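A.B. asks: Pasting a structure below so you can have a look.
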Amino acid sequence: MEPLATDKNTGLDPAELRSALDGVHRAGVPGVFAEVRAGEQVWRGASGVADLETGRPVETGMRQRVGSITKTFVSAAVLLEVESGRIGLDAPIGDYLPRLVPGERGRRITVRMLLNHTSGLAEYLPYAFPSLKELAPGSLDDNRFRQFRPAELIEMGVGAPATGEPGSTPGVYSNTNYLLLGELLEHVTGTPVEKHIARSVIEPAGLAHTGFPVGPRIEEPHSRIYEALFGAIDPPRDYSVYEMSWVMTGAGLISTVEDLNRFYGKLLGGEIVSPSSLAQMQHTVPVIAQDGRLLDYGLGLYKTEIPGHGTFWGHDGTVWGALTMAWTRPDGGRQFSAAMNLVRWAKPDAEGTPHPIDDALAALKLQALCGPA
C-alpha cells in the first residue's frame, strides 16, 4: 500500500518513505515493513524478503513477535485493575504474591516499581539462558521447545543479586518485573493472564491481529526471523519457531504494525485507560536499558525526543530474531511502527562505530515521524 502523494501539511512523502525503508534492507536487514500515519493519511511499505532460502517477499500485513512492546499492554491491563480498585499502584507486591517475593523485599517493592523497573530485581535471562554470559548461542537452541513456568523464572530473578534498592534510580530494566505483573494480574482476576489481557485491552481496542501465541509457531502469515547475537551466530539463525514461555508477559505478544499504531493511538488518546492512569504511565524515571541506553521510562511506556520535532511515546522490543518499534506523537497526529526480521547485528568489536543498519533505521524513524529530513 503506497498510494499517497506528498502532503504539504503533514510532510508525508511516499517516495522518501520508500527510499528510507529500502535503505534499511540495503544496509543488511533481510526484510522490513512499516506503517506510517499522519492524520487521516496512511502509508504502508515492505522491503526485502521474509525467507532467505526461498526469497519469499516480506509483506506489510505480516504478524510479528513484538517483544517488549508487550509491556505496554501489560501495564495498561494493570492500570485498569488499579482503576477498579483490585490493585494498589503503590501497594507492596508482597501483599499479593508473598511466596514469589517474600519477606522484606516483598514489603518494600511496590507495583509501581515493577512497572517502571525501579524494583531492584535482577534480570532472569542470564540464568535461564546461561550461554548468554559468554555470548554463545547454545542456550537459545537448548530452550527452543522448553516450557518454562513463570514462577521458576521469577525465582531466578528474585534470587539473583539485586541491581539496586527498591525505588532507587536509575532503575535497571528487568523482565522479572513484568513476569511478576503477569502473575499479579492472574492472582487478582482469577483468569489466565493471556486471556485477561485479551479481554481487557486487546479486544476493546479492536486489535484483530494481536494476541499471545499458543505453542511455538505463528499460524498466520509471518516472516522467518534471524538472530545474529552480535556476530556469535554467523550466518544468522532462524528462530521463528520458538516456545515463548521464556518471556510471555515480558515480551511474548504477536501483532502487526497496523495494530500497533491503532493501539498506541487509542492509548494516548485516552481510549484504553483513564486520563489519570495515562498520566501515571507517562510519569518517567531514568532506567538503564539492557543495551546500556538511559531511558525516560514510565509505566510500560517510554519517550523519545527528536530535536526540533518534539516528544514521541511508545516502546520497542526484541525477541530472538525479531525487532519491532512503535512511536506516536502525543496528539496522535503522527505514528510509526516498523518490524524487522534481523536483530543484534552489531559485533562487539564495532562498539562506538555505528553499524549501517543503525544509521538506516535512524533515517527511517526521522522520515516517518518528522517528514522530509
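A.B. asks: With respect to LEU80, determine if the residue is part of a helix (DSSP H, G or I), out of contact with any Gly (no Cβ under 9 Å at 6 or more places or on another chain) and at negative phi.
C.D. replies: Details: part of a helix (DSSP H, G or I): yes; out of contact with any Gly (no Cβ under 9 Å at 6 or more places or on another chain): yes; at negative phi: yes.
Against the criterion (part of a helix (DSSP H, G or I), out of contact with any Gly (no Cβ under 9 Å at 6 or more places or on another chain) and at negative phi), LEU80 qualifies.
A.B. asks: Next question. Identify all residues within segment 234-255 that are in contact with a strand residue (DSSP E or B) (Cβ under 6 Å, 6 or more places away or on another chain) and part of a loop (DSSP other than H, G, I, E, B); write none if there are none.
C.D. replies: Residues satisfying the conditions are PRO236, TYR239.
A.B. asks: Mind listing whichever residues of segment 298-309 are in contact with a helix residue (DSSP H, G or I) (Cβ under 9 Å, 6 or more places away or on another chain) and in a strand (DSSP E or B)? Full working, then the answer.
C.D. replies: Let us first name the residues in segment 298-309 that are in contact with a helix residue (DSSP H, G or I) (Cβ under 9 Å, 6 or more places away or on another chain), namely 298-301, 304, 306, 308-309.
The answer is THR304, ILE306.
A.B. asks: Which one of these is over 17 Å from SER174 (Cα atoms), surrounded by fewer than 17 Cβ atoms within 10 Å (Cβ to Cβ) and touching a strand residue (DSSP E or B) at 6+ places or on another chain (Cβ under 7 Å): GLU227, GLU258, GLU220? Full working, then the answer.
C.D. replies: Details: GLU227 fails: surrounded by fewer than 17 Cβ atoms within 10 Å (Cβ to Cβ); GLU258 fails: surrounded by fewer than 17 Cβ atoms within 10 Å (Cβ to Cβ).
It is GLU220.
A.B. asks: Could you say whether any residue in segment 84-92 is crowded, with 21+ Cβ neighbours inside 10 Å and over 21 Å from PHE336 (Cα atoms)?
C.D. replies: Yes.
A.B. asks: Quick check on my filter: what residues within segment 213-233 are assigned to a loop (DSSP other than H, G, I, E, B), in contact with a Lys or Arg (Cβ under 6 Å, 6 or more places away or on another chain) and more than 16 Å from LEU140 (Cα to Cα)? Before you say what the answer is, go through the steps one by one.
C.D. replies: Within segment 213-233, the first condition is being assigned to a loop (DSSP other than H, G, I, E, B), and the residues that meet it are 213-221, 223-225, 228, 232-233.
From what is left, the residues that are in contact with a Lys or Arg (Cβ under 6 Å, 6 or more places away or on another chain) are 218, 220, 228.
Hits for segment 213-233 are ILE218, GLU220.
A.B. asks: Looking for whichever is at pLDDT below 95 and either surrounded by fewer than 24 Cβ atoms within 10 Å (Cβ to Cβ) or among the charged types (D, E, K, R) (or both) here; the options are ALA346, ALA360, ALA289. Which one fits? Spell out how you get there, then give the answer.
C.D. replies: On the way: ALA360 fails: at pLDDT below 95; ALA289 fails: at pLDDT below 95.
Every option except ALA346 fails the conditions.
A.B. asks: So, one more: From the list ALA50, ALA76, pick out the single residue that is among the small types (Gly, Ala, Ser), more than 27 Å from VAL201 (Cα to Cα) and buried (at least 22 other Cβ atoms within 10 Å of the Cβ).
C.D. replies: Criteria check complete, one pass: ALA50.
A.B. asks: Same structure, new question: If LYS133 passes every condition in (1) assigned to a helix (DSSP H, G or I); (2) more than 22 Å from the chain's Cα centre (by Cα); (3) of a type outside the set (S, T, N, Q); (4) more than 18 Å from ILE233 (Cβ to Cβ) but one, which one does it miss?
C.D. replies: (4)
A.B. asks: Among the residues of segment 214-246, which ones are over 25 Å from ASP291 (Cα atoms), touching a helix residue (DSSP H, G or I) at 6+ places or on another chain (Cβ under 9 Å) and in contact (Cβ under 8 Å) with a residue 60 or more places away in the chain?
C.D. replies: PRO216
A.B. asks: So the check is Cβ under 8 Å with 6+ separation or different chains; which pairs have a first residue in segment 312-330 that's polar (S, T, N, Q) and a second one that's in a loop (DSSP other than H, G, I, E, B) and surrounded by fewer than 24 Cβ atoms within 10 Å (Cβ to Cβ)?
C.D. replies: THR318/ARG344
A.B. asks: Let me ask something else about it. Mind checking which residues of segment 21-37 are buried (at least 20 other Cβ atoms within 10 Å of the Cβ) and more than 22 Å from the chain's Cα centre (by Cα)?
C.D. replies: The answer is GLY23, and nothing else.
A.B. asks: Still on this structure, I have one more. Taking the residues in segment 128-171 that are of a type in the set (Ser, Thr, Tyr) and out of contact with any Gly (no Cβ under 8 Å at 6 or more places or on another chain) as candidates, determine which candidate is farthest from ALA76 (Cα to Cα).
C.D. replies: The initial filter retains those residues of segment 128-171 that are of a type in the set (Ser, Thr, Tyr), namely 131, 139, 163, 168-169.
Those left that are additionally out of contact with any Gly (no Cβ under 8 Å at 6 or more places or on another chain): 139, 169.
Numbers: SER139: 32, THR169: 23 Å.
Selected residue: SER139.
A.B. asks: Let me ask you something else. From the list TYR264, TYR297, pick out the single residue that is at pLDDT 95 or above, closer than 13 Å to TYR173 by Cα, of a type in the set (Phe, Trp, Tyr) and surrounded by 13 or more Cβ atoms within 10 Å (Cβ to Cβ).
C.D. replies: On the way: TYR264 fails: closer than 13 Å to TYR173 by Cα.
Only one candidate passes the filter, namely TYR297.
A.B. asks: Do the conditions hold for LEU323, that is, is it hydrophobic (A, V, I, L, M, F, W, C), part of a strand (DSSP E or B) and touching a helix residue (DSSP H, G or I) at 6+ places or on another chain (Cβ under 8 Å)?
C.D. replies: On the way: hydrophobic (A, V, I, L, M, F, W, C): yes; part of a strand (DSSP E or B): yes; touching a helix residue (DSSP H, G or I) at 6+ places or on another chain (Cβ under 8 Å): yes.
The answer is yes for LEU323.
A.B. asks: Moving to a separate point now. Report, ordered by the first and then the second residue, all pairs with beta carbons closer than 6 Å, sequence separation of six or more or different chains, a first member in segment 87-111 that is within 19 Å of GLU165 (Cβ to Cβ), and a second member that is charged (D, E, K, R) and surrounded by 19 or more Cβ atoms within 10 Å (Cβ to Cβ).
C.D. replies: ASP90/ARG112
A.B. asks: Then there is this: Please go through segment 260-297 and give me each residue that is of a type in the set (Asp, Glu) and part of a loop (DSSP other than H, G, I, E, B), ordered by number.
C.D. replies: Taking segment 260-297 as the starting set, the residues that turn out to be of a type in the set (Asp, Glu) are 271, 291, 296.
GLU271, ASP291, listed by residue number.
A.B. asks: I want to confirm something. Restricting to segment 175-208 and keeping residues that are free of Cβ contacts under 8 Å to residues at least 12 places away in the same chain and assigned to a helix (DSSP H, G or I), which single residue is nearest to THR318 (Cα to Cα)?
C.D. replies: We begin by selecting, within segment 175-208, every residue free of Cβ contacts under 8 Å to residues at least 12 places away in the same chain; these are 186, 190-192, 195, 199, 203.
Pick out the ones that are also assigned to a helix (DSSP H, G or I) and you get 186, 195, 199.
Numbers: GLU186: 24, LYS195: 22, ARG199: 25 Å.
Step by step, filter segment 175-208, then rank; the result is LYS195.
The values are calculated or read from the model by the stated rules, or taken from the named source; none is laboratory data. Computed from a predicted structure; not experimentally measured. Please note: Cβ atoms are built from the backbone with ideal geometry, for glycine as well, and neighbour counts cover all protein chains shown.
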